[in-house]
Amino acid sequence: MKQDYFNRENYQEHYIIRNYPPQDLPAYCRIFQEKEENEALGHYPTLEFLKEKLKRPRFNPQEDIFLAFYNTRPAGFAELTPEPGIDRVILEGMVYPEHRKQGLGTLLLESCIQRARDKGINTLHVNITGDNPQGEKFLKHKGFKPVKKFVEMKTRLKKIPFLPSHKPSRKPSHKPSRKQGGLPSPEFQLRQLKEGEEKLLADLQNKCFRDTWGYQPNTPEDIRYRINLGGYTTQYILVAFLGQEPSGYCWTVFSPGRKTGRILMLGVLPAHRGKGLGKHIMEGAFKLFQKNNTRLVELTVDTDNLPALKLYRSFGFRKWKDTWWYELKLWTGD
């Protein structure tokens with residue numbers, strides 16, 4: 001006789017929620033890939049990528065990941081990424097559709113909350129897409145409040161007017177021509193980050209994004225980890241100089257199989273904003289994209305960052321999806 005997996009009287013007793021052991025990597029990978037597919041962001045991590053992702057700084061997979069099983073089959077997961085420098089953890093997770101509305105999401109969330117309490121961290125943040133009414137309903141029911149809105153944007157390289165339609169030469173110049181509006185300064189130069197310059201980039205990034213919502217200051221170890229994640233190298237990171245001073249940067253990544261690029265971060269020092277550096281850094285980044293035969297470029301931007309939105313729209317970027325950050329405070333006051 002076929003077992004009734006949805007008998008509510010005995011359904012929950014078949015669940016097991018436990019911390020992640022290394023031998024569960026294949027099951028974790030399957031669950032995580034399903035999460036990415038359901039969110040339709042177009043990123044499908046491989047087993048090797050997720051294995052490296054588990055090595056990120058300040059993260060202990062055997063304590064910060066919770067896996068849910070129904071009998072012996074994967075049913076969902078939840079994980080915390082601690083950012084103690086800004087007193088928060090970022091939560092990710094999902095429950096398989098056939099196991100929803102059975103209380104499993106609540107059990108996973110409670111495990112994460114207890115872990116955050118044990119670490120002495122007060123704030124939980126969750127990022128969901130704007131077309132996820134079930135996730136929104138669940139988070140609000142659990143006391144989370146929407147605190148920040150971002151948008152996903154895309155553009156196609158064929159829409160960028162300053163890029164030549166022919167195949168670029170092997171050694172393209174990253175310096176914009178005078179026809180593109182001129183340089184912000186005669187001392188402006190743009191080059192790829194060099195090996196061993198992790199501290200330079202960490203210091204520059206921290207200065208660019210100091211006091212920005214949700215930004216945890218980076219260390220050289222953080223930068224080194226992110227550069228190596230997924231087999232990337234420093235050649236995908238451009239650093240702008242005014243004279244000898246690092247003044248801005250753009251961090252890009254590529255998905256060769258999809259011919260898609262992504263701008264992870266673009267920053268300019270506060271003292272040098274309004275001089276056109278962002279535009280010229282973007283031009284250099286798009287030449288990198290073209291060199292790598294990229295067709296589509298994506299990015300995420302804070303809807304409150306009006307100068308960035310204006311810059312991205314000038315390069316043909318258009319919104320295709322909203323994302324929201326939800327927040328839960330574990331305690332208030334003294």
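The values are calculated or read from the model by the stated rules, or taken from the named source; none is laboratory data. For clarity, every value in this text was computed on a predicted model and none was experimentally measured. For neighbour counting, all protein chains shown are included, and Cβ atoms are generated from backbone atoms with ideal geometry for every residue, glycine included.
Of all residues in segment 59-96, which are small (G, A, S) and out of contact with any Gly (no Cβ under 9 Å at 6 or more places or on another chain)? Result: A75, G85. Is it true that G42 is closer than 30 Å to W320 by Cα and at pLDDT 85 or above? Criteria not met by G42. Considering segment 211-223, and only residues there that are surrounded by 15 or more Cβ atoms within 10 Å (Cβ to Cβ) and of a type outside the set (A, V, I, L, M, F, W, C), the residue that is nearest to L124 (Cα to Cα) turns out to be G214.
If we scan segment 68-78, do we find a residue that is part of a helix (DSSP H, G or I), of a type outside the set (D, E, K, R) and either at pLDDT 95 or above or in contact with a Cys (Cβ under 9 Å, 6 or more places away or on another chain) (or both)? No, segment 68-78 has no match at all. Checking each residue in segment 283-328 for being in a loop (DSSP other than H, G, I, E, B), surrounded by fewer than 17 Cβ atoms within 10 Å (Cβ to Cβ) and at pLDDT 95 or above picks out T303, D304, N305. Please specify each residue of segment 125-137 satisfying the condition of being part of a helix (DSSP H, G or I) and at pLDDT 95 or above. Those that are part of a helix (DSSP H, G or I) and at pLDDT 95 or above: E136, K137. For segment 229-258, a tally of residues being part of a loop (DSSP other than H, G, I, E, B) and either hydroxyl-bearing (S, T, Y) or touching a strand residue (DSSP E or B) at 6+ places or on another chain (Cβ under 7 Å) (or both) returns 2. Annotation for segment 132-143: at least one member residue is free of Cβ contacts under 8 Å to residues at least 40 places away in the same chain and surrounded by 14 or more Cβ atoms within 10 Å (Cβ to Cβ).
Does at least one position in segment 113-123 carry a residue that is part of a strand (DSSP E or B), in contact (Cβ under 8 Å) with a residue 12 or more places away in the chain and within 23 Å of the chain's Cα centre (by Cα)? Among the residues of segment 113-123, at least one is part of a strand (DSSP E or B), in contact (Cβ under 8 Å) with a residue 12 or more places away in the chain and within 23 Å of the chain's Cα centre (by Cα), which makes the answer yes. Here is a check on your reading of the model: is R226 in a helix (DSSP H, G or I), buried (at least 19 other Cβ atoms within 10 Å of the Cβ) and among the charged types (D, E, K, R)? Yes, satisfied. Are there any pairs, at least 6 apart or on different chains, whose C-beta atoms fall under 7 Å, with the first in segment 238-266 and at negative phi and the second of a type in the set (D, E), and if so, which? As it stands, the answer is L242/E187; T260/E298; R262/E298, since those pairs meet every condition given.
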